[in-house]
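Written below as structure tokens is the structure these notes are about.
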Amino acid sequence: MADRVAELAELREQILEGPSAKATEAQKAKGKLTARERLELLFDKGTFSETEAFRRHRATGFGLEARKPYTDGVVTGWGEVDGRTVFAYAHDFRIFGGALGEAHAQKIHKLMDLAETAGAPIVGLCDGAGARIQEGVTALAGYGGIFQRNVRNSGVLPQISVIMGPCAGGAAYSPALTDFVFMVRGTSQMFITGPDVVQAVTGEQITQEGLGGADVHAETSGVAHFAYDDEEAALEDVRHLLSLLPSNNREMPPSEIAHDPADRRTERLLDLVPADGNRPYDMRAVIEEIVDDGDFFEVHERWAPNIICALARLGGEVTGIVANQPQRLAGVLDIESSEKAARFVQMCDAFNVPLVTLVDVPGFLPGVDQEHGGVIRHGAKLLYAYCNATVPRISLVLRKAYGGAYIVMDSRSIGVDLALAWPTNEIAVMGAEGAANVVFRREIAASDDPEATRQARIAEYRDELMHPYYAAERGLVDDVIDPAMTRTALIDALTMLRNKHAALPARKHGNQPQ
């Protein structure tokens, strides 16, 4: 027995060292950590338990029978993040370039099944060259099994993808199916077809980074939620994100004791937000003033920046915040911001995260490109997401809220639990200037002094239909609050709604806008 145990220890040491020092040096030369170093950063020290470390492929042909390394190019297992169980797999680029074969895929399938059984999050550390060509269609079938499990666990377990190297072809679909995607600048790329294929088919010349790098997906495509300069920073924020999410959809997000008083007055908001609805300001400063200790974790920060989606704590409880950003495009809704917010609302609803919506929206962005791009269809995604959400929902109108955008931003008419407003709110079909031009068009045209008449009618419309208590008088706003009491009002409302229970009609699933 002692001899066998010694043999086991020697074999484990060999597995931990990896294929060769040369392969490790090549990995380091690219500015990348090894799979095991990444897992050490992800998990609490000493908590990682590996599964199937001795697994090897059984393929033959094309020289594979002579190369049967342990782990088959992926390290799988579970550990703890802040004391809570998390499952992870990490592609080992040193072995077959991290390419996925039959055994490799089966390891990931088994890990995902185990995570589903245990009810714990799944983190994929992606650094692989796609399907293992030498294994043919069995490699492709392996991807199918991963996708099927991604979808089955969608909204059940938090799923996070961290791209730390190439992720091309079929491999890119799994991250797209997960809840969050992290990328690292300079070393990670995602695309369906690489630069060589693009050039051959379309004649366009582009680098891998220009085609599918971290900044491209964080700013242009919206595929990546986060982009970082190095792997250490990315993994640190993966840990932080996990601390804000429940282990599964049957649990609530983890609470913390709040040291920031719930009754703290937010006097600074009086200076941060101009009363003039045409003047811009930074909504991030508003969020910072409201949430616990000014700390919030923004999602998709650089994509569709005219809307902000963030996770924060209010009174120690995790809360999802959706807010228009007047600093960008005056905070209008458009195709990309509607998609961004809809996805975030769905994620919060799936994982029992209550929603606070901060409204300062002049409407939907007009234009031929928007209409031809399907702004109606995309805007309906956000409307659908809010209407379908059963978590506690609170909206607060800071200044303007016009037209269909007011309705879509979680208004009373689509089921928000509590609708609040500041005394600077203007809730109307459109701005007073536009409304007067439509309603009094003929009168203005026939007037001896059209401009004076127009200004008089603008003032009349504003006084009659846009004063801050008009919506409250009709029950569409539950309360008009002092901005200095914003934090207290939101925490009180969230506390009241903590045990909310809402049931949707019996159905297989809805047919949401695409």
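List of remarks:
Yes/no per residue for (1) within 19 Å of G130 (Cα to Cα); (2) touching a Gly at 6+ places or on another chain (Cβ under 8 Å); (3) open to solvent by 10 Å² or more (accessible area, probe 1.4 Å):
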site	(1), (2), (3)
L157	no, yes, no
V162	yes, yes, no
Y173	yes, no, yes
V181	yes, no, no
T187	yes, yes, yes
G210	no, no, yes
E232	no, no, yes
E236	no, no, yes
L241	no, no, no
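- Complete set of residues in the stretch 294-317 that are within 19 Å of V353 (Cα to Cα) and among the basic types (K, R): R313
- Selected residue (criterion: modelled with the lowest pLDDT) from residues of the stretch 270-286 that are in a loop (DSSP other than H, G, I, E, B) and open to solvent by less than 40 Å² (accessible area, probe 1.4 Å): G277
- Verdict on F364 being open to solvent by 20 Å² or more (accessible area, probe 1.4 Å) and of a type in the set (F, W, Y): yes
- Residues of the stretch 1-19 that are at negative phi and open to solvent by less than 50 Å² (accessible area, probe 1.4 Å): L11, I15.
- Taken over the stretch 445-477, the criterion of being surrounded by fewer than 18 Cβ atoms within 10 Å (Cβ to Cβ) and of a type in the set (D, E, K, R) is satisfied by D448, D449, E451, E460, R462, D463, E464, E473, R474.
- Filter pass, L242 being farther than 26 Å from G79 by Cα, among the aliphatic types (A, V, I, L, M) and part of a helix (DSSP H, G or I): no
- Each residue in the stretch 32-75 was checked for being part of a loop (DSSP other than H, G, I, E, B) and not β-branched (V, I, T), and 21 pass.
- All conditions but one from (1) part of a loop (DSSP other than H, G, I, E, B); (2) among the aliphatic types (A, V, I, L, M); (3) modelled with pLDDT under 95 apply to I427; the one that does not is (1).
- Answer residue from the stretch 139-155, given it is over 18 Å from H91 (Cα atoms) and polar (S, T, N, Q) and is least open to solvent (accessible area, probe 1.4 Å) among those: N153
- Residues in the stretch 105-139 that are under 23 Å from D179 (Cα atoms) and part of a helix (DSSP H, G or I): 14 in all.
- Lone qualifier among V322, V223 - being part of a strand (DSSP E or B) and either crowded, with 22+ Cβ neighbours inside 10 Å or within 21 Å of the chain's Cα centre (by Cα) (or both): V322
- Scoring K68 on the criteria (1) open to solvent by 60 Å² or more (accessible area, probe 1.4 Å); (2) closer than 26 Å to E236 by Cα leaves a single failure, condition (2).
- Restricting G142, G124, G128, G136 to those that are of a type in the set (G, A, S) and at pLDDT 95 or above reduces the list to G124.
- Restricting the stretch 20-31 to residues that are out of contact with any Lys or Arg (no Cβ under 7 Å at 6 or more places or on another chain) and among the aliphatic types (A, V, I, L, M), the residue that is surrounded by the most Cβ atoms within 10 Å (Cβ to Cβ): A26
- Index of the failed condition, D292 passing every other in (1) under 12 Å from the mean Cα position of the chain (by Cα); (2) surrounded by 21 or more Cβ atoms within 10 Å (Cβ to Cβ): (1)
- Only one entry of R462, R498 meets the criterion of being at pLDDT 85 or above and among the charged types (D, E, K, R), and that entry is R498.
- Among the candidates Q370, Q327, residue that is surrounded by fewer than 21 Cβ atoms within 10 Å (Cβ to Cβ), touching an Asp or Glu at 6+ places or on another chain (Cβ under 9 Å) and assigned to a helix (DSSP H, G or I): Q370
A quick yes/no check of all residues on (1) under 30 Å from G294 (Cα atoms); (2) free of Cβ contacts under 8 Å to residues at least 60 places away in the same chain; (3) not polar (S, T, N, Q):
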{"position": "V480", "(1), (2), (3)": "yes, no, yes"}
{"position": "R487", "(1), (2), (3)": "yes, no, yes"}
{"position": "T495", "(1), (2), (3)": "yes, no, no"}
{"position": "N499", "(1), (2), (3)": "yes, yes, no"}
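- In this structure, S174 does not satisfy being within 22 Å of the chain's Cα centre (by Cα), in a strand (DSSP E or B) and at pLDDT 90 or above.
- Of residues in the stretch 32-59 being charged (D, E, K, R) and open to solvent by 40 Å² or more (accessible area, probe 1.4 Å), the one farthest from V162 (Cα to Cα): R58
- Selected residue (criterion: farthest from A131 (Cα to Cα)) from residues of the stretch 189-201 that are open to solvent by 80 Å² or more (accessible area, probe 1.4 Å) and either among the β-branched types (V, I, T) or in contact (Cβ under 8 Å) with a residue 24 or more places away in the chain (or both): V201
- Failed item in (1) open to solvent by 30 Å² or more (accessible area, probe 1.4 Å); (2) at pLDDT below 90, with E204 passing the rest: (2)
- Of residues in the stretch 243-269 being in contact (Cβ under 8 Å) with a residue 60 or more places away in the chain and open to solvent by 90 Å² or more (accessible area, probe 1.4 Å), the one nearest to the chain's Cα centre (by Cα): M252
- Breaking point among (1) without any contact (Cβ under 8 Å) to a residue 40 or more places away in the chain; (2) crowded, with 19+ Cβ neighbours inside 10 Å, for N437: (2)
The values are calculated or read from the model by the stated rules, or taken from the named source; none is laboratory data. Please read these numbers as outputs of a predicted model, since none were measured by experiment. In this analysis, Cβ positions are derived from the backbone assuming ideal geometry, glycine residues included, and neighbour counts consider all displayed protein chains. The protein model used for the area step is the full one, side chains on, heavy atoms only, and it has no ligands, DNA or RNA in it. Shrake-Rupley method; radii C 1.70, N 1.55, O 1.52, S 1.80 Å.
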